[in-house]
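Engineer: The structure under discussion is supplied below as C-alpha cells; questions concerning it will follow.
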Amino acid sequence: MKLNREQMQMILALFIVAAISAILLSLTDMLTREPIAQAQRQALHSALLQVLPEHDNEVQDDLLEVDGRAIYPARLHGRLTGLAWEVIAPDGYSGSIRILVGIHPDGHVQAIRVTEHKETPGLGDGIVHNKSWLDSFHERGLSGVHWAVKKDGGDFDQFTGATITPRAVVKAVKGALVFYQSQQIKILDQINSKTAVVAPSAAGGGK
Amino acid sequence: MNKQAVFADGFWHNNAIFAQLLGMCPLLGVTTSAENGFWMGAATLLVLLGSNLVVSLVRGVVPKNVRIPAYITIIAAFVTMVGMAMNAWMHEMYLILGLFIPLIVVNCAILGRAEAFASKNSVSDSLVDALAVGLGFTMALLLLGGVRELLGQGKLFGFSLFGESYPDVLMFILPPGAFIALGFILAGVNLINRQLKRRADVAKAEAIRLEMVDKSRMSTAVEVS
C-alpha cells in the first residue's frame with residue numbers, strides 16, 4: 001500500500017505530538033523522581049513518629065522482615081520500646097486502606113495512623129482526622145476488648161453515615177495484634193539479634 | 001482579538017461550570033471542602049495553560065482528521081506532569097486529590113477550549129483564554145466546595161465556624177448536596193445575569209428617551225421661532 005501525501009502528514013503530525021509529549025514527561029519524571037521518593041519517606045517518617053513510643057534509633061533503617069512484613073522497631077538506649085508495621089484493610093468502602101500500627105512489645109496498641117485510603121471525603125476519612133477515634137485504640141490489647149464497632153456490639157465507635165470504613169480498620173488492627181501474638185517470639189528474637197541503627201544525632205544505644 | 005473580551009467571556013459569560021455545565025465529574029467528586037475545590041481548580045488551570053499553549057503552537061500543522069487524538073495526547077501529557085509535580089511537592093494534597101487528577105484528561109472543558117479556541121487563535125489569546133476559563137473553573141469549584149464544607153461540616157478551609165457541636169449534615173457531604181448547592185448557585189448566577197441585562201436595557205432605554213426628548217425640544221424650538 002502506498003501512502004499519499006495527506007496520510008503521511010497525519011502520521012508525521014501524530015508522531016511529533018507524541019514525541020514532544022514523551023520528552024516533556026521524561027523530563028518531569030527526572031525532576032520529580034527524587035522529591036517524590038523523599039516525600040514518601042517523609043510521610044512514613046512522620047507517621048512512624050506518631051505511632052511509636054519514644055526512641056533514639058533510625059527506625060526506617062532498622063527495619064526487619066518477618067513473614068513478608070516490614071517491621072520497624074523502636075529502641076531507646078538499646079532496649080526495645082515498640083514496633084510498627086503496615087497492615088492493609090482490603091474491605092474499605094472504596095478500596096484498600098493502609099494502616100500503620102504501632103504496638104508495645106507486650107502486644108498493646110500504642111497508636112495507629114492511616115497512610116493511604118480512598119474513603120469518602122467528609123465521611124469515611126474520619127479515620128484520618130478524627131483524633132478521639134484514633135486515640136480510642138491506645139493501650140488496647142487482644143484480651144478484654146471486643147474488636148468490633150459499636151453497631152456490631154464491639155468497643156469502637158463508628159462514624160455518622162460511615163460504618164464500613166471504621167469496621168474495616170478495627171478488623172485490620174485486630175489482625176495485626178493476632179499476627180504479633182502468633183509471631184512474637186520469632187519477631188523479638190530477630191530484633192534482639194540485630195544491632196540497633198542509631199540515629200546520628202542520638203548518643204549511646206546500640207546493643 | 002480584544003483580550004478583555006476574551007477574558008470576560010471565558011471567566012463569566014461562558015464559564016465552564018455556570019454557563020456550559022462542563023466538567024461536572026471533578027465538580028461533584030472533589031468539592032467536599034473549599035481547599036480541595038481550590039487545588040483541583042488550580043491543577044485544571046495549569047493543564048489548561050499547557051494544553052492551550054501547545055495546541056495554539058501546533059495549529060495549522062496538525063491535519064484536521066487527527067486533531068482530536070493529537071489534542072488528547074497533549075492534554076494527557078500535561079495532566080500527568082501536573083500529577084507528578086503535585087506528588088513531589090504537595091504530597092498531602094496529592095493523597096487526597098490523587099484519584100481525581102488523572103480524570104482531568106477527560107474534563108471536556110479542556111478539550112473544548114483546545115478545539116473551540118486554541119486551534120483557531122494566536123498563542124497570546126489562547127493563554128488569556130486558558131487563564132480566564134481556568135480561573136472561572138477554580139472560582140466555581142472554590143465556591144461550591146466552600147458552600148458544601150460550610151453546610152456539611154460547619155467549617156471553612158478546615159476552621160470550625162459554628163463550634164465543635166455542629167452536626168455533620170450528610171446530604172451536603174455526599175454528591176446529592178453538590179447537585180442541590182449547584183442548583184442554587186446556578187439560580188443565583190442567572191439572577192445576577194438578569195439584573196445585569198435589565199440594567200443594560202434600562203440604560204439603553206434611557207438613552208433612547210433622552211434622544212427623543214432632545215428631538216422634540218428641538219422641534220418645539222423650531223415652532224416657537
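Engineer: Failed condition for B:Lys204, given (1) closer than 29 Å to B:Val6 by Cβ; (2) not in a helix (DSSP H, G or I), with all others met?
Structural biologist: The number of the failed condition is (2).
Engineer: Inspect all residues belonging to region B:125-133 and state whether any of them is within 19 Å of B:Gly23 (Cβ to Cβ) and among the acidic types (Asp, Glu). Give the derivation first.
Structural biologist: Residues of region B:125-133 within 19 Å of B:Gly23 (Cβ to Cβ): B:126, B:129-133.
From what's left, among the acidic types (Asp, Glu): B:129.
Within region B:125-133 (the criterion being within 19 Å of B:Gly23 (Cβ to Cβ) and among the acidic types (Asp, Glu)), the answer is yes, since at least one residue qualifies.
Engineer: Follow-up question, since we're still on this one. Do you know which residues across region B:158-190 are within 14 Å of chain A (Cβ to nearest Cβ) and either among the acidic types (Asp, Glu) or in contact (Cβ under 8 Å) with a residue 24 or more places away in the chain (or both)? Lay out the reasoning, then the answer.
Structural biologist: Taking region B:158-190 first, the residues within 14 Å of chain A (Cβ to nearest Cβ) are B:158-160, B:164-178, B:181.
Selection gives B:Gly158, B:Glu164, B:Asp168, B:Phe172, B:Ile173, B:Pro175, B:Gly177, B:Ala178, B:Ala181.
Engineer: Condition first: surrounded by 20 or more Cβ atoms within 10 Å (Cβ to Cβ), touching a residue at least 60 places away in the same chain (Cβ under 8 Å) and part of a helix (DSSP H, G or I). Now tell me which residues in region A:154-166 satisfy that.
Structural biologist: A:Thr165 - this is the single residue of region A:154-166 that is surrounded by 20 or more Cβ atoms within 10 Å (Cβ to Cβ), touching a residue at least 60 places away in the same chain (Cβ under 8 Å) and part of a helix (DSSP H, G or I).
Engineer: Name the residues in region A:142-153 that are assigned to a loop (DSSP other than H, G, I, E, B) and touching a residue at least 12 places away in the same chain (Cβ under 8 Å), would you? So that I can check it myself, show each step before the final result.
Structural biologist: Quick first cut of region A:142-153, residues assigned to a loop (DSSP other than H, G, I, E, B) only: A:142-148, A:153.
Scanning region A:142-153 gives A:Leu142, A:Trp147, A:Ala148.
Engineer: How many residues are more than 8 Å from chain B (Cβ to nearest Cβ) and surrounded by 16 or more Cβ atoms within 10 Å (Cβ to Cβ) when one looks only at region A:1-48?
Structural biologist: Selection size over region A:1-48: 3.
Engineer: If you don't mind, another one. May I ask you to list pairs of residues, at least six apart or on different chains, whose Cβ atoms are under 7 Å apart, with the first in region B:35-57 being within 12 Å of chain A (Cβ to nearest Cβ) and closer than 30 Å to B:Gln153 by Cα and the second being surrounded by 24 or more Cβ atoms within 10 Å (Cβ to Cβ) and among the β-branched types (Val, Ile, Thr)?
Structural biologist: B:Asn36/B:Val30; B:Gly37/B:Val30; B:Gly37/B:Thr31; B:Met40/B:Val30
Engineer: Only one of (1) modelled with pLDDT of 85 or more; (2) surrounded by fewer than 21 Cβ atoms within 10 Å (Cβ to Cβ); (3) within 10 Å of another protein chain (Cβ to nearest Cβ) is not met by B:Ser119, so which one is it?
Structural biologist: The single condition B:Ser119 does not satisfy is (3).
Engineer: Within region B:67-94, which residues are of a type outside the set (Val, Ile, Thr) and at the interface with another protein chain (Cβ under 7 Å from one of its Cβ atoms)? Step through it out loud before you land on a result.
Structural biologist: From region B:67-94, those of a type outside the set (Val, Ile, Thr) are B:67, B:69-71, B:76-78, B:81, B:83-94; that's our starting set.
Once the filter is applied, which keeps residues that are of a type outside the set (Val, Ile, Thr) and at the interface with another protein chain (Cβ under 7 Å from one of its Cβ atoms), region B:67-94 yields B:Pro69, B:Ala70, B:Ala77, B:Met81, B:Met84, B:Ala85, B:Asn87, B:Ala88, B:Trp89, B:His91.
Engineer: Among (1) in contact with a Ser or Thr (Cβ under 8 Å, 6 or more places away or on another chain); (2) more than 10 Å from every other protein chain (Cβ to nearest Cβ); (3) at pLDDT 85 or above; (4) surrounded by 13 or more Cβ atoms within 10 Å (Cβ to Cβ), there is one condition A:His55 misses while meeting the rest; what is its number?
Structural biologist: (3)
Engineer: For the list (1) over 20 Å from B:Leu131 (Cβ atoms); (2) away from chain A (no Cβ under 14 Å), I need the number of the one condition that B:Leu22 fails.
Structural biologist: It fails just one condition, (1).
The values are calculated or read from the model by the stated rules, or taken from the named source; none is laboratory data. Since this is a predicted model, take the numbers as computed values, not measurements. Note that we place each Cβ from the backbone using ideal geometry, even for glycine, and neighbour counts take in every protein chain shown.
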